[in-house]
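Working notes for the structure below.
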Amino acid sequence: MKAFKNVRAYIDGKVRTADIAFDGKIAGIDGGTDGAEAVRLPDGAIVTAGFIDTHVHGAGGADAMDGTTAALDVISKTLAREGTTAFLATTMTAPREQILSALRAVAEYGDEGNGAQVLGVHLEGPFISEKYKGAQRADCIRKPSAELLAEFNRAAGGRIKTVTFAPEQDGADGLIKYCVDNGIVASIGHTAATGDQARRAADAGARGVTHTFNAQSPFSHRDVGAAGVALGDDRLVCELIADCIHVSAEAMRVLARCKPTGKIVLITDAIRAKGLADGESELGGQAVFVKDGQARLKDGTLAGSVLKMNVAVRNMAEKVGMTFEQAVDCATINPARKLGLQDERGSIAVGKRADFAVLDKDYNVLATFVNGKQVYRNY
């Protein structure tokens, strides 16, 4: 048994002083620490639940589409450096066999890695709109298909947790039904949907919006588009790339004013270039150029990000004006609830996994604990 003793921690909606006993799970709060090994933290450190990134393609030079367990291990260890304790390995639009290879690697890798835990897969594509494909390959786009999704899910060992799709495409209703029947979050994204089409998707059971405002039909006063439905329909949980590049700080504030704070989930949408020096990288077989925190294709199209989750949390506090607690929720309990995992992770409570991010006052990550094990230290 280990314990944080007399630390500042975010528990039950507020930051307070506490003792936390843990092994693989949290065994006691303000009790049960007798005889436990004390884990010493720097003065001023704040312990929160570990961050959960439900949309990340890669990091540290590796990408989920590499289709190897070695690549997933690199991503796992790299993400731990930013306080992330769990993530969805995110695919992209590619040839069928390449997607299957990536999914089989996730099934083989399993639950626990050497850093952040792989919770499963976010299948981003191939069921998207060519008009709003972003940095994804047009030649590999497919119509939504429950049958193909079922094949993908079998390859992943039943571990697909989120599917991004364009609801205006033929076959979308069947795909949504498969998602609902199999506990998968159907997420509206890379879409040219009208407001009515997006709203009908929510009526049918869609519950997510992929990287809100990016790669989707915009809001207007005559047709609110996918973005307008995202803002106005509280059944939908909105992903947000809070890097002030994909979405301006002002637009981030609009989202925060329109949505209940529990319906905003921070993501990084990061690519293999995250954690590396500026220069040329790759995404889906396309050259990507990273400079000054921006990742773009040769034509200037944004191609994922190099955002770190702790920086996203800081931006929500400093640029949007959320409280520390609200900003942290967007990276912890909100994604846990979205995936139906709130009873086991996403907050510090007895019986939940001992997944912790330890931050300083400037949101820098001092340490990360996964399943009670310290997997990153920077103090």
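The values are calculated or read from the model by the stated rules, or taken from the named source; none is laboratory data. Please read all numbers here as calculations on a predicted model, not as lab measurements. FYI the Cβ positions are ideal-geometry reconstructions off the backbone, even for glycines, and counts take in every protein chain you see.
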- Message: So, Ile26, is that one surrounded by 24 or more Cβ atoms within 10 Å (Cβ to Cβ), part of a strand (DSSP E or B), assigned by TED's automatic domain parsing to the domain that holds Lys361 and at pLDDT 95 or above or not?
- Response: no
- Unmet criterion (only one of (1) charged (D, E, K, R); (2) under 21 Å from Arg257 (Cβ atoms); (3) crowded, with 18+ Cβ neighbours inside 10 Å) for Arg353: (2)
- Go through region 232-244 and give me each residue that's touching a strand residue (DSSP E or B) at 6+ places or on another chain (Cβ under 9 Å) and within 20 Å of Asn315 (Cα to Cα). Val237, Cys238, Glu239, Leu240, Ile241, Ala242, Asp243
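Out of Asp53, Asp66, Asp73, Asp12, I need the residue that is closer than 23 Å to Gly113 by Cβ and out of contact with any Phe, Trp or Tyr (no Cβ under 8 Å at 6 or more places or on another chain). Which one?
Asp66
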- Message: Cβ-Cβ distance below 7 Å, separation of 6 or more or different chains: which pairs start in region 11-30 with a residue that is without any contact (Cβ under 8 Å) to a residue 24 or more places away in the chain and under 10 Å from Met1 (Cβ atoms) and end on one that is assigned to a strand (DSSP E or B) and of a type outside the set (Lys, Arg)?
- Response: Ala21/Ala3; Ala21/Ala27; Ala21/Gly28
- Note on the structure: Of the residues in region 209-251, those that are without any contact (Cβ under 8 Å) to a residue 24 or more places away in the chain and either buried (at least 18 other Cβ atoms within 10 Å of the Cβ) or part of a helix (DSSP H, G or I) (or both) come to Phe219, Ala227, Glu250
- Item | Filter result (under 17 Å from Asp63 (Cα atoms) and either basic (Lys, Arg) or crowded, with 16+ Cβ neighbours inside 10 Å (or both)) within region 287-296 | Val288, Phe289, Val290, Ala295, Arg296
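Which residue out of Glu108, Glu112, Glu97 is touching a helix residue (DSSP H, G or I) at 6+ places or on another chain (Cβ under 8 Å) and either farther than 25 Å from Gln216 by Cβ or among the basic types (Lys, Arg) (or both)?
Result of the check over Glu108, Glu112, Glu97: Glu108.
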- Query: Which of (1) surrounded by fewer than 24 Cβ atoms within 10 Å (Cβ to Cβ); (2) touching a residue at least 60 places away in the same chain (Cβ under 8 Å); (3) not aliphatic (A, V, I, L, M) does Arg96 not meet, given it meets every other one?
  - Reply: (2)
- Item | Qualifying residues in region 158-178 (those that are among the charged types (D, E, K, R) and more than 14 Å from Glu147 (Cβ to Cβ)) - the one nearest to the chain's Cα centre (by Cα) | Lys161
- Query: Before we move on, is Gln342 at pLDDT below 95, out of contact with any Phe, Trp or Tyr (no Cβ under 6 Å at 6 or more places or on another chain) and more than 27 Å from Asp43 (Cβ to Cβ)?
  - Reply: no
- Task: Determine whether region 78-87 contains at least one residue that is within 20 Å of His190 (Cβ to Cβ) and aliphatic (A, V, I, L, M).
- Result: no
- Note on the structure: Exception for Gly61 within (1) surrounded by fewer than 19 Cβ atoms within 10 Å (Cβ to Cβ); (2) outside the structural domain of Ala273 (by TED's automatic domain parsing); (3) of a type in the set (Gly, Ala, Ser) falls at (2)
- Query: Taking the stated definitions as given, is Val180 of a type outside the set (Lys, Arg) and crowded, with 19+ Cβ neighbours inside 10 Å?
  - Reply: no
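Being more than 18 Å from Leu79 (Cα to Cα) and free of Cβ contacts under 8 Å to residues at least 40 places away in the same chain is the filter here, so list the residues in region 296-313 that pass it.
If the condition is that a residue be more than 18 Å from Leu79 (Cα to Cα) and free of Cβ contacts under 8 Å to residues at least 40 places away in the same chain, then Arg296, Lys298, Asp299, Gly300 are the ones that fit.
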- Of the candidates Glu130, Glu112, Glu37, the one satisfying the condition of being surrounded by fewer than 24 Cβ atoms within 10 Å (Cβ to Cβ) and within 18 Å of the chain's Cα centre (by Cα) is Glu112
- Query: Exactly one of (1) closer than 22 Å to Gly262 by Cα; (2) over 23 Å from the mean Cα position of the chain (by Cα) is unmet by Arg200. Its number?
  - Reply: (1)
- Every listed condition ((1) assigned to a helix (DSSP H, G or I); (2) β-branched (Val, Ile, Thr); (3) surrounded by 24 or more Cβ atoms within 10 Å (Cβ to Cβ)) holds for Val254 save (3)
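Checking the condition in contact with a helix residue (DSSP H, G or I) (Cβ under 8 Å, 6 or more places away or on another chain) and farther than 23 Å from Pro95 by Cα, which residue from Lys291, Lys308, Lys319 passes?
Lys319
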- Message: Tell me yes or no: at least one residue of region 329-344 is surrounded by 15 or more Cβ atoms within 10 Å (Cβ to Cβ), closer than 24 Å to Leu88 by Cα and more than 16 Å from the chain's Cα centre (by Cα).
- Response: no
